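A.B. asks: Next up is a structure, given as structure tokens.
The values are calculated or read from the model by the stated rules, or taken from the named source; none is laboratory data. Nothing here was measured: the structure is a model prediction, and the numbers come from that model. Backbone-built Cβ (ideal geometry, glycine too); neighbour counts: all protein chains shown.
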């Protein structure tokens, strides 16, 4: 147990395991290539709720319930819920807190919030006397679109670089103690702003932040990209991943073949009309807590670096002509048996 | 060094001290009874910036600079900046992050965010290998009013129970190591919702959350209210404090004489036309980092429980008819010399 500092920015955690995960997604996400990996796929986007915002709240709560169930925990076992979402005043996370009644650490880091929560949870469990925390993130396509851009009913045409905010939630039950999937290390991101101003091209805005965090993580831990079976960014999408690879090539850190993106893998980009790919806090959370966690459990992946990416603007800052600051937080997850020889 | 769990909800931290604080406030706050305690008082609300939102960002940055200066730190010494604000997507905190370039842990807990940040920072310093963190919170009257209610230019009449969002920022430089002001313990809050729906009476909505956190803190640490020289809530205001005392009387935990409120003390309620008192994340942050920290340093207070309070609603949830969930996080601060006999 304990946290060790590695290099300047990275914290190595010991004795923290993922006891269970839950992922719940909307119908469009359920039609994508990862369908089989999700715990629940909604057959419509609203599920009888009276608003998309309430549907988002329910999506989060369902993912939390699945994660608790997998971990064989009751809410009463949870020392703290940690997480966030994209709605103003993170109301999904806060209103879910009203139901569960556990101490709540609300975070905001836009679409990077899942790894902020996972990293913070792992450090708290590894060093402080918490035993069990539940980390979560959620987003809902319709709720996000009408908050950030236009109500979907308007049918505004989307630009080719636009991302599709995912209707998805992911929750992970983190415990102090052994387990099959352990959190190895955490690198918290710095804000990086290359001057991008286009809210319909967040992949370009976020790629430099993703690169900054990945480069610092690898430098601190003295690793090469290939030391991970996969490095998954959150929601750079197809364009953002190509920019990330180009940044890597320029800086002598070749990433091609090592990096993929939750948002790009969530949909069939050719068939599903999502342009650049998925985005939103629920994108990395849902893809990790479903597909990636299951691939780790199955031994298909042994070591994964998850790098959720966030664009830290608001509609107000956009309208006031500000650029889009971005951030990325990285968490390394390892399938324990791969290193320790447990079958 | 280390964190010990006390009771069910409270964490006792050792070896964490406040190395310096900075508080910067607007002109109205500078006309109140606490004027002499603030590090800087702005002579107007905008300071030549082109928007209130940019002014809020600058207010935060100035408070961070003062805190660093007091602690004799450079930004490069800071392991992480931790904090939040009230604007959508906490853009003040995030855009300030673009300037300082340190790892950023963005939080959202409405007006309770300062003690969420202070508590989290103290636990991380006490248990994990971080050495120095800077915790901050900010709010700006005009920026908050136009986001949550109406642009101030409309001159909408305010209800008697309405709070006045403070133009204020507070930052505290927290270090692992000894110091005059130490963080003793932290109690993170649960979401409490008594069904209040009036965004113009947040004192009534938040009082039950403040009571819940104070009661759990005292129970966990086996203390009575009088064991603190003062218990300061964040922004319950005049009405909220009276409700808090009434809740205490009902639950056999008399609080009268022990509790006061940052928002109530920030203004002259009779003279300054702020109705119920001050509110906003900057209210508890500015009042702690200026007046309360200075009273602790002077030995006027020896042990303080700071309980920032937050209403976790959004304009959207209000318009959709939802109630107002609330939260409060408590941090106990002690003047070290008082217990250790250092003159």
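A.B. asks: Which ones in the stretch B:42-93 are surrounded by fewer than 18 Cβ atoms within 10 Å (Cβ to Cβ), more than 12 Å from chain A (Cβ to nearest Cβ) and closer than 30 Å to residue B:314 by Cα?
C.D. replies: If the condition is that a residue be surrounded by fewer than 18 Cβ atoms within 10 Å (Cβ to Cβ), more than 12 Å from chain A (Cβ to nearest Cβ) and closer than 30 Å to residue B:314 by Cα, then B:44, B:46, B:47, B:48 are the ones that fit.
A.B. asks: A further question follows. Picking from A:155, A:189, A:195, A:177, which residue would you name as being in contact with a strand residue (DSSP E or B) (Cβ under 8 Å, 6 or more places away or on another chain) and at positive phi?
C.D. replies: Within the list A:155, A:189, A:195, A:177, the selection yields A:177.
A.B. asks: Still on this model: Of the residues in the stretch B:253-294, how many are part of a helix (DSSP H, G or I) and free of Cβ contacts under 8 Å to residues at least 60 places away in the same chain?
C.D. replies: 2
A.B. asks: Out of the stretch A:100-113, which residues are in contact with a helix residue (DSSP H, G or I) (Cβ under 6 Å, 6 or more places away or on another chain), more than 7 Å from chain B (Cβ to nearest Cβ) and buried (at least 24 other Cβ atoms within 10 Å of the Cβ)?
C.D. replies: A:111, A:113
A.B. asks: Among the listed residues A:153, A:145, A:116, which satisfies the condition of being assigned to a helix (DSSP H, G or I), away from chain B (no Cβ under 13 Å) and out of contact with any helix residue (DSSP H, G or I) (no Cβ under 7 Å at 6 or more places or on another chain)? Show your work before the answer.
C.D. replies: Values: A:145 fails: out of contact with any helix residue (DSSP H, G or I) (no Cβ under 7 Å at 6 or more places or on another chain); A:116 fails: away from chain B (no Cβ under 13 Å).
Answer to the check: A:153.
A.B. asks: Still on this model: If a residue has to be closer than 13 Å to residue B:326 by Cβ and not in a helix (DSSP H, G or I) to count, how many in the stretch B:232-250 make the cut?
C.D. replies: Adding up the residues that qualify gives 4.
A.B. asks: With the structure loaded, tell me whether residue B:128 is at pLDDT below 95, facing chain A (nearest Cβ under 10 Å), at negative phi and in contact with a helix residue (DSSP H, G or I) (Cβ under 6 Å, 6 or more places away or on another chain) or whether it fails that test.
C.D. replies: yes
A.B. asks: Looking at (1) closer than 19 Å to residue A:334 by Cβ; (2) touching a helix residue (DSSP H, G or I) at 6+ places or on another chain (Cβ under 7 Å); (3) in a helix (DSSP H, G or I), which is the only condition residue A:213 fails?
C.D. replies: The one condition residue A:213 does not meet is (2).
A.B. asks: Looking at this structure, is residue B:123 in contact (Cβ under 8 Å) with a residue 60 or more places away in the chain and facing chain A (nearest Cβ under 10 Å)?
C.D. replies: Yes: the conditions hold for residue B:123.
A.B. asks: Let me ask something else about it. Is there any pair linking a residue in the stretch B:311-325 that is more than 8 Å from chain A (Cβ to nearest Cβ) and within 15 Å of residue A:52 (Cα to Cα) to one that is in a loop (DSSP other than H, G, I, E, B) and at pLDDT below 95, with Cβ under 7 Å and at least six apart or on different chains, and which?
C.D. replies: Every condition considered, the pairs that remain are B:318/B:199.
A.B. asks: Return the residues of the stretch B:157-200 that are within 12 Å of another protein chain (Cβ to nearest Cβ) and assigned to a loop (DSSP other than H, G, I, E, B); say none if nothing qualifies.
C.D. replies: If the condition is that a residue be within 12 Å of another protein chain (Cβ to nearest Cβ) and assigned to a loop (DSSP other than H, G, I, E, B), then B:188, B:189, B:190, B:191, B:193, B:194, B:195, B:199 are the ones that fit.
A.B. asks: Does residue B:29 fit the bill of being over 20 Å from residue B:179 (Cα atoms), crowded, with 21+ Cβ neighbours inside 10 Å and touching a helix residue (DSSP H, G or I) at 6+ places or on another chain (Cβ under 8 Å)?
C.D. replies: Spelling it out, residue B:29 is indeed over 20 Å from residue B:179 (Cα atoms), crowded, with 21+ Cβ neighbours inside 10 Å and touching a helix residue (DSSP H, G or I) at 6+ places or on another chain (Cβ under 8 Å).
A.B. asks: Take the residues in the stretch A:131-142 that are part of a strand (DSSP E or B) and surrounded by 24 or more Cβ atoms within 10 Å (Cβ to Cβ), then tell me which one is nearest to the other protein chains (Cβ to nearest Cβ). Step through it out loud before you land on a result.
C.D. replies: Restricting attention to the stretch A:131-142, the residues satisfying the condition of being part of a strand (DSSP E or B) are A:132-139.
So of that shortlist, the ones also surrounded by 24 or more Cβ atoms within 10 Å (Cβ to Cβ) come out as A:133-139.
Working: A:133: 11, A:134: 14, A:135: 14, A:136: 14, A:137: 13, A:138: 14, A:139: 13 Å.
Checked the stretch A:131-142; the qualifying residue nearest to the other protein chains (Cβ to nearest Cβ) is A:133.
A.B. asks: Restrict the check to the stretch A:250-260 and report whether at least one residue is over 24 Å from residue B:104 (Cα atoms) and at pLDDT below 95.
C.D. replies: No, the stretch A:250-260 has no match at all.
A.B. asks: Here is a follow-up. In this structure, does residue B:22 turn out to be surrounded by fewer than 24 Cβ atoms within 10 Å (Cβ to Cβ), within 22 Å of residue B:309 (Cα to Cα), more than 13 Å from every other protein chain (Cβ to nearest Cβ) and in contact with a helix residue (DSSP H, G or I) (Cβ under 7 Å, 6 or more places away or on another chain)?
C.D. replies: Criteria not met by residue B:22.
Residues are listed down the side, and each one gets a yes or a no for (1) within 27 Å of residue A:156 (Cα to Cα); (2) in contact with a strand residue (DSSP E or B) (Cβ under 7 Å, 6 or more places away or on another chain):
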site	(1), (2)
A:269	yes, no
A:273	yes, no
A:279	yes, yes
A:283	yes, yes
A:288	no, yes
A:311	yes, yes
A:324	yes, yes
